[in-house]
1. Quick check on my filter: what residues within region 133-150 are in contact with a helix residue (DSSP H, G or I) (Cβ under 9 Å, 6 or more places away or on another chain) and more than 12 Å from Phe123 (Cα to Cα)?
2. Any chance region 348-366 includes a residue that's on the phi < 0 side of the Ramachandran plot and at pLDDT below 95?
3. If I filter region 212-258 down to residues being in contact (Cβ under 8 Å) with a residue 40 or more places away in the chain and of a type in the set (Val, Ile, Thr), which single residue comes out as farthest from the ligand (Cβ to nearest atom)?
4. I'd like the residue in region 195-211 that is among the hydroxyl-bearing types (Ser, Thr, Tyr) and outside any helix (DSSP H, G or I) and, out of all such residues, is farthest from the ligand (Cβ to nearest atom).
5. Could you check, for region 184-201, whether at least one of its residues is among the small types (Gly, Ala, Ser), surrounded by 17 or more Cβ atoms within 10 Å (Cβ to Cβ), over 23 Å from the mean Cα position of the chain (by Cα) and farther than 24 Å from Val350 by Cβ?
6. How many residues does region 1-60 hold that are touching a Phe, Trp or Tyr at 6+ places or on another chain (Cβ under 8 Å), of a type in the set (A, V, I, L, M), surrounded by 12 or more Cβ atoms within 10 Å (Cβ to Cβ) and not in a loop (DSSP other than H, G, I, E, B)?
7. Given the conditions (1) within 16 Å of the ligand (Cβ to nearest atom); (2) without any contact (Cβ under 8 Å) to a residue 40 or more places away in the chain; (3) of a type outside the set (Ser, Thr, Tyr), which single one is not true for Gly27?
Amino acid sequence: MNLFDVYPVNDITIVKAQGSYVWDADGVQYLDMYGGHAVISIGHTHPLWVRRIEDQLQKIAFYSNSVHIPLQQELADKLGKVSGKEDYQLFLCNSGAEANENAMKLASFHTGRKKIIAFKKSFHGRTSLAVAATDNPAIVAPVNETDNIIFVPFNDEKALQQAFKENGGEVAAVIVEGIQGVGGINIATDSFLQKIRSLCDEYGAVYIADSVQCGYGRSGKFFSHDYAGVNADIYAMAKGMGNGFPIGGILIAPHIKPKHGMLGTTFGGNHLACAAALAVLEVIESENLIEQSRQRGMYLLNRLKSINGINNVRGRGLMIGFDVPEEIKDLRKNLLTKYQIFTGEAKPNVIRLLPSLAITRKQVDEFIELLQEEIESLKPKQEAVAEEQ
Ligand SMILES: Cc1ncc(COP(=O)(O)O)c(C=O)c1O
């Protein structure tokens, strides 16, 4: 049987991982500045995370949500404490798309309305409503097309105000990434998020903070929306939540009331996933990883800003991007093939850095040194080629 060929893959087989390094089948070591797409929060194969999952596996891996699962309450308590949203309610699912799908569905149930405001360059996942709210027609199947989504330019307060003016009574929710990831590391301004909050209050709409990529401490605060000093009504989470164990969830403000049957999932909140997620929060707390992400991110950002040859370095915490000029466009490919460094990308020319929150200063220095070396080696070569032509 063939695998359904939807992923453009690197010709590399990773067989082992530890902290911020991974190793291929030939024993070659790679520095992971990509975190498996922002998933690795506390570091690959963290010993406490491994032990928690192993211990749980010996007891029970799964039973459905038809019985009490005390680990879910333990997770909710810990999440409330670490995120500071102690009065919120937790619904658990399995992925980022599912978290957003449930968030928007819940907003629609809550308000009795149909329209969702989303933003240009957004990415919210690939399930039906999540992909409809994603600004990429190439991944929206005909069956997902809907006129219930209103796209507004990101960080454009006037356009947002206008959209509310025209559709306010029908708007169930605004869904927004605090820092757009797939869209190329675009930071929502504090004033934009504050505007979303005030317009949602004015029109009775639900503010959904898609924190799947920018949440869980990655930005240097638990939720990047916290920088704006506002509370969302629903926070969608996944990626870093399980450090690679599949788990997602939404945090729901107290004024949104549950009803039996309104949301549900077979696997969401299973014992094993809760054990993994609890281990992640324990390590985030004990190793002070949110503050570490803030400080190390600032260090990385400043070092990147001092490099000649790359443009528009931006980001918060350990969610950083920069533009790669056309003349050194092979940079990302060469970092992987020549220097064994994984980085992320955003089309057309952005390198995205999403390392583990536990990356060391030495590893950051190692990255910067090799990045500089490759930029230098690419510059003259491509200039020489240009001259020859
Ligand atoms: C902001 C954001 N939301 C949602 C998703 C979808 O998450 P998943 O792939 O777990 O469904 C992603 C994935 O990249 C994301 O970056």
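The values are calculated or read from the model by the stated rules, or taken from the named source; none is laboratory data. Keep in mind that what you see is a predicted model, and the values were worked out from it rather than measured. Neighbour counts are summed over all protein chains in view; Cβ atoms, including those assigned to glycine, are modelled from backbone coordinates with ideal geometry.
1. Ala141, Val143, Asn144, Glu145, Thr146, Asn148, Ile149, Ile150 - these are the residues of region 133-150 that are in contact with a helix residue (DSSP H, G or I) (Cβ under 9 Å, 6 or more places away or on another chain) and more than 12 Å from Phe123 (Cα to Cα).
2. Filtering region 348-366 for residues on the phi < 0 side of the Ramachandran plot gives 348-366.
Filter once more, keeping what is at pLDDT below 95: 348.
The answer is yes, given that some residue of region 348-366 is on the phi < 0 side of the Ramachandran plot and at pLDDT below 95.
3. Going through the qualifying residues, I end up with Ile256.
4. To start, the set of residues in region 195-211 that are among the hydroxyl-bearing types (Ser, Thr, Tyr) comprises 198, 203, 207, 211.
Filter again for outside any helix (DSSP H, G or I), leaving 207, 211.
Numbers: Tyr207: 15, Ser211: 8 Å.
Only one residue fits best here, namely Tyr207.
5. Taking region 184-201 and keeping what is among the small types (Gly, Ala, Ser), we get 184, 188, 191, 198.
If we keep only those that are surrounded by 17 or more Cβ atoms within 10 Å (Cβ to Cβ) as well, we get 184, 188.
From what is left, the residues that are over 23 Å from the mean Cα position of the chain (by Cα) are none.
Checked against the condition, which is being among the small types (Gly, Ala, Ser), surrounded by 17 or more Cβ atoms within 10 Å (Cβ to Cβ), over 23 Å from the mean Cα position of the chain (by Cα) and farther than 24 Å from Val350 by Cβ, region 184-201 yields no hits at all.
6. The total comes to 5.
7. Here Gly27 meets the rest and fails (1).
Let's see how each residue does on (1) surrounded by fewer than 22 Cβ atoms within 10 Å (Cβ to Cβ); (2) modelled with pLDDT under 95; (3) assigned to a loop (DSSP other than H, G, I, E, B); (4) hydroxyl-bearing (Ser, Thr, Tyr):
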| site | (1), (2), (3), (4) |
| --- | --- |
| Asn243 | no, no, yes, no |
| Leu251 | no, no, no, no |
| Ile256 | yes, no, yes, no |
| Leu263 | yes, no, yes, no |
| Phe267 | yes, no, yes, no |
| Ala273 | no, no, no, no |
| Ala277 | no, no, no, no |
| Val280 | no, no, no, no |
